[in-house]
Amino acid sequence: MEYTCILCPRGCHLTAEKVMEEGKKTIKVSGNFCPRGIRYATEEMTMPMRTVTTSLYVEGGDMKMVSMKTAAPVPKERIPQVLEAAAKAQAKAPLKVGDAILKNVAETGTDLIATRNVAAARG
Amino acid sequence: MKTDILIIGGGVIGAAIARELSRYEAKTLLIEAREDLARGASGANSGIVHAGYDPEPGTLMAKYNVAGCGMYEELSQKLNFPYKKCGSFVLAFSKEEMAHVQALYERGLTNGVPDMEIISGDRAREMDPALSDQVEGALFAKSAGIVSPYEATIAFAENAAVNGVSFRLAEKVTAIEKRESGFLVTTDKATYEAACVVNAAGRFAGEISAMAGGRDIQITEKKGEYTLYDRNLGGFVSHVMFQCPNENGKGILVTPTAEGNMLLGPNSILLRGEERGDTATTPEGQAQIFREGRKTCPQLPFGGAITGFAGVRASFGSDFIIEADEKVPGLIQVAGICSPGLTSAPAIAVDAALMALKAAGCKEEKKKEWTEEREGIPCVRDMDWEKRAELCQKDAAYGRIVCRCETVTEGQIRKALKSPIPVYTIDGVKRRCRAGMGRCQGSFCTPVVMQIIEEESGIPFDRICKSKEGTAIARGTLKGGAV
Amino acid sequence: MIRTLNTVIVGGGPAGLSAAVAAFDAGERSLLIVERDVHLGGILQQCIHNGFGLQWFKEELTGPEYAQRFIDQAEERQIESVTGTMVLEIRQDPQNAPYDKTVFCLSPSEGVLELRCRSVILSMGCRERVRGNLKTPGTRPVGIYSAGLAQRLVNLEGVMPGKKVVILGSGDIGLIMARRMTWEGAEVKMVCEIMPYSAGLARNIQQCLIDLNIPLHLSTTIVNIHGRDRLEGVTIARVDEKRNPIPGTEQYVECDTLLLSVGLLPENELSRALGVEMDPVTGGPRVDENRQTSIPGVYACGNVLHVHDIVDFVSKESTIAGKSAAAYNLQSQSGAEQVTLKAAGAVRYTVPQMASLEEPFSIFCRVAYPVSSGKFLVKAGDQVILEKKFIKAVPSEMEEIPVRKAELEKILSTGAGELTLETCLD
């Protein structure tokens, strides 16, 4: 299988194949510039993972929206559920980068966290 | 509602007539079908105040062109709209064209055009170094100028409104019934009784005349395409550059604009049937005006364009119609006002207003109190630092730049939205104070302008429109719901 | 109000913030960041996606997080900033030496602010190209936006500009918006790119288009726009090698939104009016390796200098500018003889465009078209000073070519006044 690594802007062109090595099934990756490429291609073959980023209306903030992300990548196939849960979340100012807005979003084991400081609205 | 005079059409003609009528003790109402003023030809044209050497002597065009040209300087000062008496050149590229330039000069003299001169190619290039080496000579008309056509229209209308004229925008006339005395005018929103109807409906003048039972007016529509350049090219030429007129009109012009950009255009394409009213730009049109513009200025840059647009000229025969309709008493026709209509507008308005008063049976009695001047919107871009500081002292909102490309402040936008005829749209704000008119074409300031419109009008952010109803920027909120 | 200080930083985005922090760390305490927006952080605040910071912070951050790191650093150092304030003019005023630059700003809180300073760092960023720049014909209805405006509407204002989307240009912002709008329920029909290769990063093609089954049509452009009041559709067409539409390949695509992601332009109106020398290729000022422009004491960094592919390089470059401005204020920077750098072969431009050769530095460059397996050569006349191999180089990515101490000496020994950076294919 061929992949474009998304873990950094370099975007390595990866080739991954399932091989038998010393009697064990393993995935052999080539074309990677760094070890992260091996992890990425292996995950792409087994369970592709993505970080989800979105934004949400924030109550009582000095701006309308707070930006959010999943604290860690989540399974790609779970993205629709993550987005749906994120849209139903509630956020209230003040917020700091890293504050959890939704714990264990869509049962992924990952929190949805704020990626921006939002101060409380003045007045 | 009852009114003495009802003007149909909020272009430069209708607005100028409204302003003239506002001097008199007559009740005047202006109805415009679009959501803003100057949405037809008045909003999309060359913005030239012609000197008046073009029209055939003895025509209405000749008369009103020369008279109108002489009125703009004072009007622009009193009503605070962008105008510059920069002068125009008609360029000759050959012996034959020199003869033509000579003929225009003679015609100008007949028409009463002041301050004309035939100059050599070298002299022309001295004054405007971007001109082609091929220019052999030119007719230099010092009285010609440039004006912001939509700002002039808005200024006329606002001044009229301050002086008591009523305005109804986004209201379309659907029927006109001639009664024993006067008319019953029906729109999609209301009905009005009027003693006199002024038909200033531009390319719809034929339909309006027909509704009222007036003379047959077959409007011819010709599209003209333009390219507008970045204001950093505003000084590329310093005079209006015409080529010799040919069978397709006045030829492609290269000109500075009153707001400080450079403008190229227009071509001339006849619109028929379904095409009528079409203002789309075309690859052929854009290529043509660039090609022909390069004849005037061989170094005309291909880059630096910030937008293209097109306007539709509405004409009838070879002259304006400015008359009391012979068939229908009380109907004043001001139709077929193509070029030089913008130039002629203030002069046409003087006469048309008198015709309307007479038709409505009103006396030529002037109001005791008439506000002659319009404050308008301060232009922070053109101010020195002292003036800017002074303005900020009075209102801190003039210290917050919203449109970075045109240096437009929050104060100017709020002022536009508090004007006598407020229009709560992105384009309405743009036409009044230039926010979004610059090189990024609103890419940065649109959301901030929307925010200010929301605050001033109470229209929710997600329902604010670019122009007419149904053109909201937002087509919904995020999945997470409303803001 | 008139104030006198050492360095004014024009723009509080990633470039301005990095430069301010670097100037402070180099010992400069008299600094002011002037930011036109209400908040610091610049355009990063609307770039809510991840993928920033891997080089600079060694971890993956979103745009707002990356910005916040620098805002925090500036706050920790108590670097002063004014927001909602826009610089409208920069002047040279030799009579006020050594505070011989005056920065005029307009602000709601101060009115007119006149800042007299020794050095200025230009970090105003860039803007997006618009439809008028491309002369795309057709009507002018609502529904046509730059990708950046759409990004702001969605991410900061919480509104969706449309439901059926076509994107012209495969720039990164457009690709990111393809995913963002899809995730918010819009149907993104396609991305059209006039060139035969993408203008965006490979990772964004993968995660924003391929992941979501959005087709990317290369060598394709938009030849007409339809709809009088609201956008109803566009006509796309294939283009030939000269980028001219091929008759007969037209295809109508229904949509209510057209996003343009067709390139960024450094925003240098202030720089031009000030009179710094410009590079017509980058659209930014010509600078030396300290990021000093042709006017001593005036520095430029970030996207105002040249459009960067990733923000980490912006921080790297701005750090140089900040440090150099601090040194300039102490008059410890000499005006050494300079060599000029020229781009040749597939190399489209270099930054810096000049160098004093006092310290090791890096040359950043972009290629004009994709090239594979070869090397970058820095040459003084015919003599090769250094080489750097590449497997592939594409226009969407910047390349960094370090010039080390030994190589500096080699250049100096040739006595050349001009260096060339070119490509040599294997």
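Laboratory data are not the source of any read-out in this text; all were calculated from the coordinates shown. Being a predicted model, the structure only gives us computed values, none of them experimental. Counting neighbours? That spans all protein chains shown, and the Cβs are built from the backbone with ideal geometry, glycine included.
Would you give the gap between the C-alpha center of the stretch B:92-132 and the C-alpha center of the stretch C:376-426, rounded to a whole Å?
57 Å
Would you list C:Ile246, B:Ile464 from fewest to most Cβ contacts within 10 Å?
Fewest to most other Cβ atoms nearby, the residues stand as C:Ile246, B:Ile464.
Skipping prolines and chain starts, which residues have an amide H placed within reach, meaning under 5 Å, of the one on C:Met278, given they are 5 or more residues away or on another chain?
C:Arg286
Calculate the all-directions average of the projected area of the stretch B:58-144's alpha-carbon convex hull, and give it in nm².
6.4 nm²
Figure the gain on full extension for B:Glu177 and B:Glu364 (residue separation times 0.36 nm, minus the Cα-Cα span) and round it to one decimal in nm.
Taking B:Glu177 through B:Glu364 to full extension adds about 64.7 nm, to one decimal.
With each pseudo-label sitting 7 Å past Cα toward Cβ, what's the C:Gln251-B:Asp319 distance in nm, one decimal?
5.7 nm
Starting from the Cα coordinates of the stretch B:167-276, work out the convex hull volume and express it per residue in Å³.
167 Å³
Place a +1 charge on the Cβ of each Lys and Arg in chain C and a -1 charge on the Cβ of each Asp and Glu, then give the dipole magnitude about the Cα centre in debye, rounded to the nearest 20.
Using only the charged Cβ atoms, the result is roughly 680 debye.
Counting Lys and Arg as +1 and Asp and Glu as -1, each charge on the Cβ, what is the dipole of the stretch C:342-425 about the Cα centre in debye, to the nearest 20?
Here the stretch C:342-425 has a charge dipole of around 260 debye.
Putting +1 on Lys and Arg Cβ atoms and -1 on Asp and Glu Cβ atoms, find which of B:Gly428, B:Pro447, B:Val402 reaches farthest to the positive end of the dipole of the stretch B:380-463.
After comparing all options, I get B:Gly428.
If each DSSP helix of 4+ residues adds -39,500 (n - 2.57) and the sum is divided by the residues in the protein assembly as shown, what number results at 222 nm, nearest 500 deg cm²/dmol?
-7500 deg cm²/dmol
How large is the Kirkwood hydrodynamic radius of the stretch C:342-425, counting all unique pairs of alpha carbons, in Å?
Values: mean 1/r = 0.0783 Å⁻¹.
Radius from the Kirkwood sum: 12.8 Å.
Lone cysteines in chain A, going by a 4.7 Å Cβ-Cβ cut-off?
That list is A:Cys8, A:Cys34.
So, by mean Cβ neighbours within 10 angstrom, what's the order for C:14-26, C:158-170 with the highest one leading?
On the way: C:14-26: 27.4, C:158-170: 24.3.
Highest to lowest by the protection proxy: C:14-26, C:158-170.
Which cross-chain or sequence-distant (5 or more) residues have an amide H under 5 Å from the amide H of A:Arg50, H modelled 1.01 Å from N in plane?
The list, which skips near neighbours in sequence, is A:Val74, A:Lys76.
Taking the Cα centroid of the stretch C:305-325 and of the stretch B:166-222, what is the distance between the two, rounded to the nearest whole Å?
After rounding, the separation between the Cα centres reads 63 Å.
Taking only the C-alpha atoms, wrap a convex hull around the stretch A:2-46 and report its volume per residue in Å³ as a whole number.
Values: hull volume 2.7 nm³, N = 45.
Measuring per residue, one finds 60 Å³ for the Cα hull of the stretch A:2-46.
Fewest Cβ neighbours within 10 Å first, please rank B:Glu97, B:Glu373, C:Glu241 accordingly.
Numbers: B:Glu97 19, B:Glu373 11, C:Glu241 7.
The most exposed by this proxy come first: C:Glu241, B:Glu373, B:Glu97.
Using only Cα atoms, find the angle between the long axis of helix C:311-329 and the longest principal axis of chain C, and express it within 0 to 90 degrees, rounded to the nearest 10.
The angle comes out near 20 degrees.
Distances longer than 13 Å among the Cα atoms of the stretch B:113-173: what percent of all pairs is that?
74 percent
For chain C, state what percent of all Cα-Cα pairs lands in each successive 10 Å bin, counting from 0 Å until the bin that includes the largest distance.
Histogramming chain C at 10 Å steps yields 5, 21, 29, 25, 16, 5, 0 percent.
Taking every DSSP beta bridge that has both residues in the protein assembly as shown, what percent is antiparallel when rounded to the nearest 5? Could you put the intermediate results ahead of the total?
Working: 137 of 196 bridges.
In the protein assembly as shown, approximately 70 percent of DSSP beta bridges are antiparallel ones.
Under 5 Å between amide H atoms, partner at least 5 residues away or on a different chain: which partners does B:Val254 have, H built in plane at 1.01 Å?
Placed amide hydrogens put B:Met241 under 5 Å from B:Val254.
Would you order B:Val328, A:Val66 from fewest to most other beta-carbon atoms within 10 Å of each residue's own beta-carbon?
Least crowded to most crowded, the residues run B:Val328, A:Val66.
Work out the charge dipole of the stretch B:296-422 with +1 on the Cβ of Lys and Arg and -1 on the Cβ of Asp and Glu about the Cα centre, then indicate which of B:Thr296, B:Pro340, B:Ala389 is farthest towards its positive end.
About the Cα centre, the residue reaching furthest to the positive side is B:Ala389.
How big is D, in µm² s⁻¹, for the stretch B:1-72 by Stokes-Einstein at 37 °C and 0.692 mPa s if Rh is the Kirkwood radius over C-alpha pairs?
In µm²/s, the coefficient rounds to 235.
The stretch C:80-146 to the stretch B:365-405: how many Å between their Cα centroids?
If we compute the Cα centre of each part, the gap is 21 Å.
Let me check I have the definition right: for the protein assembly as shown, take the eigenvalues of the Cα gyration tensor, multiply each by 5, take square roots. What are those semi-axes in whole Å, largest first?
The answer is 54, 33, 29 Å, longest axis first.
Can you give me the Kirkwood hydrodynamic radius for the stretch C:274-397, using every pair of distinct Cα atoms, in Å to one decimal?
It is 15.2 Å.
With the cut-off at 27 Å, tell me which of the pairs B:Lys2/B:Lys63; B:Lys466/C:Lys164; B:Lys84/B:Lys387; B:Lys363/B:Lys415 have Cα atoms farther apart than that. Provide the component values of the computation, followed by the final result.
Details: B:Lys2/B:Lys63 34 Å; B:Lys466/C:Lys164 19 Å; B:Lys84/B:Lys387 21 Å; B:Lys363/B:Lys415 36 Å.
Pairs exceeding the cut-off: B:Lys2/B:Lys63; B:Lys363/B:Lys415.
For the stretch C:100-113, what does the Karplus curve 6.51 cos²θ - 1.76 cosθ + 1.60, with θ = phi - 60°, yield as ³J(HN,Hα) per residue in whole Hz, taken in order and with x for Gly and Pro?
Values, residue by residue: 8, 10, 10, 10, 9, 10, 10, 9, x, 8, 9, x, 8, 10 Hz.
Would you tell me the mean number of C-beta atoms belonging to other protein chains that fall within 10 Å of each C-beta in B:401-412, as a whole number?
Mean inter-chain Cβ contacts per residue within 10 Å come to 3.
Quick one: plug the Kirkwood hydrodynamic radius of the stretch B:380-463 (C-alpha pairs) into Stokes-Einstein at 20 °C, 1.002 mPa s, and report D in µm²/s.
Taking Rh from Cα pairs, D becomes 167 µm²/s.
For the stretch B:328-336, in order, what is each residue's ³J(HN,Hα) by Karplus, 6.51 cos²θ - 1.76 cosθ + 1.60 with θ = phi - 60°, in whole Hz (x at glycine and Pro)?
With coefficients 6.51, -1.76 and 1.60, one gets 10, x, x, 9, 9, 9, 10, 10, x Hz.
Express the Stokes-Einstein translational diffusion coefficient of the stretch C:130-262 in µm² s⁻¹, to the nearest whole number, given a Kirkwood radius over alpha-carbon pairs, 4 °C and a viscosity of 1.567 mPa s. Intermediate values should be presented prior to the final figure.
Values: Rh = 14.5 Å.
This corresponds to a translational diffusion coefficient of 89 µm²/s.
From the convex hull of the Cα coordinates of chain B, what is the mean projected area in square nanometres?
Convex hull of Cα atoms, orientation-averaged projection: 23.9 nm².
Residue by residue, what Karplus-based ³J(HN,Hα) values in Hz, rounded to whole numbers, does the stretch C:40-52 have, using 6.51, -1.76 and 1.60 with θ = phi - 60° and x for Gly and Pro?
After applying 6.51 cos²θ - 1.76 cosθ + 1.60, I find 6, x, x, 5, 4, 5, 9, 8, 6, 6, 8, x, 9 Hz.
Dipole magnitude of the protein assembly as shown about its Cα centre, charges +1 at Lys/Arg Cβ and -1 at Asp/Glu Cβ only, in debye to the nearest 20?
1420 debye
Set Lys and Arg Cβ to +1 and Asp and Glu Cβ to -1, take the dipole of the stretch C:269-426 about its Cα centre, and tell me which of C:Val367, C:Leu305, C:Val281 lies farthest positive.
Selected residue: C:Val367.
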